[in-house]
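Report on the following structure.
What follows is calculated from the coordinates using simple rules that are stated; it is not laboratory data. This is a predicted model, so every value here is computed, not measured. Here the Cβ is made from the backbone with ideal geometry for all residues, glycine too, and neighbour counts use every protein chain on show.
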Amino acid sequence: MSVDSEEFAVLFAPYRRELQVHCYRMLGSMHDAEDVVQETYLRAWRSFDSFEGRSKLRHWLYRIATNAALRELEKGHRRSLPSGLGNPVEEPSGDYTLERLDVPWLEPIPTTLLHPASEPQDPADVVQQRRSVRLAFVAALQHLPPRQRAVLLLRDVLAFRASEVAGLLDITPAAANGLLQRARDKLAEVAPSEQTISDTLEPDQQHALNEYMAAFERADIPALQRMLLADASLEMPPLSTWFSGVAAITGFWKSRILTSPGLFQVFATSANGQPAAAMYKRHADGSSHAEALHVLTFAPGGIARIVVFLEPTVFELFDLPLAIDQENPIAT
């Protein structure tokens with residue numbers, strides 16, 4: 001079966017987004033995922049004559065994409081968050097150094113890639129998709145060997161049958177089942193409890209997100225302190241230094257970040273199926289420049305975890321401008 005590039009692009013288009021999300025789960029990086037999806041497109045188009053329709057097109061594309069992701073993982077670039085690399089700062093004394101590490105860090109993914117607003121979604125599917133890209137879950141996946149990671153995602157997230165996974169990875173069904181069990185066992189050791197994380201942004205949590213953003217704009221440390229759980233954590237890749245506990249977090253904010261009100265403009269967004277806040281720092285000329293993306297994890301009673309992504313390229317992933325002013329505002 002021969003098709004030109006435009007014809008194949010039409011065939012490929014319905015699967016691009018879900019392949020991108022799958023590759024993100026595999027790799028922990030939107031940039032790497034997009035590269036692998038592009039490789040998948042090219043490999044599939046060039047070999048489409050050999051497809052012959054013996055399997056579903058979707059399965060065939062997942063075979064190409066998964067194996068391309070596995071080749072990428074052979075480079076050994078496991079992506080982490082700061083909490084996976086060292087111990088936290090737990091005292092508010094300020095006697096610490098903020099260390100920047102040039103290592104592959106976990107990246108966020110825009111929630112809009114999971115379920116675009118233009119497409120109707122089953123509420124149960126929405127919850128499952130959000131669970132499968134939570135930052136904590138994707139970080140836990142990084143602890144699995146690549147083939148275990150692939151099998152677990154194909155079986156438990158995408159609901160492929162064991163025989164189908166075996167065909168995708170050129171292994172036996174028994175080997176696929178063995179890899180799946182080992183992956184589940186390891187994930188149970190490192191993944192957070194499902195009971196500690198809220199699946200949806202309920203009205204009270206939406207209110208909490210709004211209060212968090214407003215408190216940041218006001219540099220209102222007492223208000224932020226009331227929102228945090230006692231054992232909350234704060235991480236800020238690419239800085240390896242991270243904080244655990246309300247006192248350490250608010251001490252850092254007070255001494256290093258929120259030194260006066262009005263320093264930040266803050267806008268709501270969503271990353272990894274979680275509420276997020278895009279922070280812009282004000283400058284003397286009246287403009288505001290991209291500073292950080294805060295991804296919040298809510299648990300019963302308050303905010304359990306804040307991951308702050310400091311690289312400006314993160315804003316580009318979310319189609320957010322790197323600078324805003326009166327002529328280039330953000331719609332809210």
Practice prompt. Fewest Cβ neighbours within 10 Å first, please rank Val190, Val10 accordingly.
Written response: Val10, Val190
Worksheet item: For the chain, what are the DSSP H helices with axial Cα length of 15 Å or more and mean Kyte-Doolittle hydropathy of at least -0.5?
Response: 5-27, 57-73, 173-190
Worksheet item: Binning every alpha carbon pair distance of segment 203-324 at 10 Å from zero, what are the percents per bin?
Response: 13, 48, 34, 4, 0
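To the nearest 20 Debye, how big is the dipole of the chain about its Cα centre, given +1 on the beta carbon of each Lys and Arg and -1 on that of each Asp and Glu? The partial results should precede the final answer.
Working: 31 positive and 42 negative charges, 198 e Å.
In debye, rounded to 20, the chain gives about 940.
Please report the antiparallel percentage of the DSSP beta bridges confined to segment 203-324, to the nearest 5.
On the way: 27 of 31 bridges.
Counting only bridges with both partners in segment 203-324, antiparallel ones make up about 85 percent.
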Fill in: All Cα pairs of segment 1-74, percent lying beyond 14 Å
56 percent
Worksheet item: Over the alpha carbons of the chain, what is the largest minus smallest coordinate on each principal axis, giving the biggest first in Å?
Response: 65, 47, 38
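Any idea what the relative contact order of segment 123-191 is, in percent, if you count C-alpha pairs under 8 Å spaced at least 6 apart? Write down the numbers at each step before the final one.
Values: 48 pairs, mean separation 25.0, N = 69.
Across segment 123-191, relative contact order equals 36 percent.
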Fill in: DSSP-assigned coil residues among GluC sites (Glu not before Pro) in segment 7-57, each with at most 14 further Cβ atoms within 10 Å
Glu52
Fill in: Ranking of Trp242, Trp45, Trp105 by count of other Cβ atoms within 10 Å, fewest first
Trp45, Trp105, Trp242
